[in-house]
Amino acid sequence: MHKDSVVTDNNELLRGGTATAVGSWPGTDRRESAATILGELPDLPHLVELPGRGVGADLIGRMSALLVDMRFDTTTRGYRLAPRPGAVSRRARDLLRADLDTLEEAWETAGSTGMNRPIKLQVAGPLTLAAQVELPSGHLALTDPGALRDLSESLAEGLRNHVAEVRKRLGAEVVLQLDEPSLSAVLEGSLSAVSMLDSVRAMPEPEALTVLNTVIATQSAPVLIHSCAAPPALAFLRGSTAAAVGFDITTIGTRELDSIGELLDAGKHLVLGLVPTTAPATPPTWRDIAEPGVRLIDRLGFPRTTLATQVLVAPACGLGNTPLTWARKALTLATEVARAYAEDPESLTFEGPSSTA
């Protein structure tokens with residue numbers, strides 16, 4: 001399909017043949033989770049999210065700690081913008097501060113301080129944030145152009161501050177991940193309205209791309225956009241200025257192949273979600289996990305070296321709802337597959353027909 005890959009992104013923070021994870025982790029133990037991530041993902045660890053702690057610790061609630069001059073309150077449906085700081089925003093800030101303190105402690109214990117070791121930070125992207133947060137009126141922020149603009153500007157500034165603080169604390173380089181699980185629904189107009197009288201229109205792609213790229217443009221760290229949607233909006237993301245795109249490999253089909261090839265041709269990195277978030281009935285080997293990624297690159301017509309230069313390996317999605325034993329195994333498998341991709345992808349062989357779409 002494609003003769004060769006044109007690699008234009010020479011950013012060393014996003015290297016092929018690297019293992020990482022999406023962000024969330026089971027349980028509520030900050031210290032144990034931070035130590036596990038730093039130990040199991042030496043090339044691209046991340047600030048752990050522990051949604052099991054409840055309000056203010058999940059993907060959306062956590063953003064109340066990062067937005068500038070905007071705070072959240074809760075509703076029966078989720079979160080809404082609040083006129084002043086309250087219990088939700090204070091809890092979110094306290095949790096994030098404790099997480100950063102714990103990460104800094106673990107970073108120092110690991111001897112990584114000042115070593116320019118990369119760290120990945122995960123946050124809700126602007127479109128998903130606006131699709132999940134209500135205005136005080138009860139409508140989604142996405143339905144109000146002014147609110148969408150204000151929320152995106154607050155997010156962009158908050159992310160700049162967040163990246164700068166982590167760099168200063170750790171002496172580290174930063175990769176910024178924008179999680180956009182609602183992206184496909186935003187573009188398709190399939191979001192559920194807050195009430196029967198409300199409606200959420202499909203957002204035109206140029207408009208959505210402007211929102212996304214405006215936030216990316218203000219950041220000093222390379223940006224990875226991740227989506228667990230089925231299927232992910234890969235053709236749309238090809239037009240973004242993100243350095244990398246991550247998705248669950250089981251969500252793609254024949255229709256997505258051209259878009260994946262175009263992402264690689266554009267020099268973007270792929271973060272392939274290869275490791276399932278639920279333990280299979282038969283325990284998989286690293287070769288079982290590696291096969292779909294190899295088959296994909298072969299089918300696209302790219303050289304196997306692409307696995308070593310532009311493909312990172314991760315679990316399919318967050319591990320927040322995964323049993324701890326499998327979450328740890330998932331990281332081990334991701335690391336083993338990434339090593340195989342980096343060292344000698346040409347030697348990887350598999351028996352039987354392709355299991356890739």
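The values are calculated or read from the model by the stated rules, or taken from the named source; none is laboratory data. The model shown is predicted, which means the values in this text are computed figures rather than measured ones. Every residue, glycine among them, receives a Cβ derived from its backbone with ideal geometry; neighbour counts consider all protein chains shown. Protein only, heavy atoms only, side chains kept; ligands, DNA and RNA dropped before computing areas. Shrake-Rupley method; radii C 1.70, N 1.55, O 1.52, S 1.80 Å.
A few remarks follow.
- Max mean-square fluctuation residue, GNM over the chain, Cα-Cα springs under 10 Å, options Thr218, Thr335, Thr241: Thr218
- Normalised per residue, the accessible area of the range 115-192 is 34 Å², obtained with a 1.4 Å probe and no contribution from ligands, DNA or RNA.
- Take Arg71: with every protein chain present and a 1.4 Å probe, its accessible area is about 40 Å².
- Alpha-carbon centroids, the range 199-242 and the range 50-78: separation in whole Å: 22 Å
- Extreme residue, positive dipole direction of the chain, given options Gly39, Gly125, Leu96 (C-beta unit charges): Leu96
- Computed [θ] at 222 nm, deg cm²/dmol, the chain (DSSP H ≥ 4; -39,500 (n - 2.57); rounded to nearest 500): -12500 deg cm²/dmol
- Accessible surface computed residue by residue for the range 208-357, with neighbouring protein chains in place and a 1.4 Å probe, gives 38 Å² per residue.
- Cβ charges +1 (Lys, Arg) and -1 (Asp, Glu), total dipole of the chain, debye: 640 debye
- GNM remark for the chain: springs join alpha carbons under 10 Å apart, and the peak mean-square fluctuation among Thr18, Thr278, Thr325 falls on Thr325.
- Per DSSP, loop GluC sites (Glu not before Pro) in the range 278-355 with at most 11 further Cβ within 10 Å: Glu351
- Each Cα pair under 8 Å and six or more residues apart adds its separation to the average, and for the chain the resulting relative contact order is 24 percent.
- Three-way shape label, the range 1-139, alpha-carbon gyration tensor, a/c 1.5: oblate
- Percent accessible area from carbon and sulfur atoms, the range 175-332, protein chains only, probe 1.4 Å: 55 percent
- GNM result for the chain, Cα springs below 10 Å: residue of Glu180, Glu12, Glu165 fluctuating most strongly: Glu12
- Given +1 at the Cβ of Lys and Arg, -1 at the Cβ of Asp and Glu and no other charges, the dipole of the range 7-151 around its Cα centre is 460 debye to the nearest 20.
- Between amide H atoms placed 1.01 Å from N, distances below 5 Å from His269 occur with Ala244, Val245, all of them 5 or more places distant or on a separate chain.
- Expressed as a whole percent, the accessible area of the range 1-136 that falls on carbon and sulfur atoms is 47 (1.4 Å probe).
- Cα gyration tensor shape for the range 134-205, rounded if a/c is under 1.5, else prolate or oblate: prolate
- Extension gain (nm, one decimal) between Val68 and Ala202, 0.36 nm per residue minus Cα-Cα: 45.5 nm
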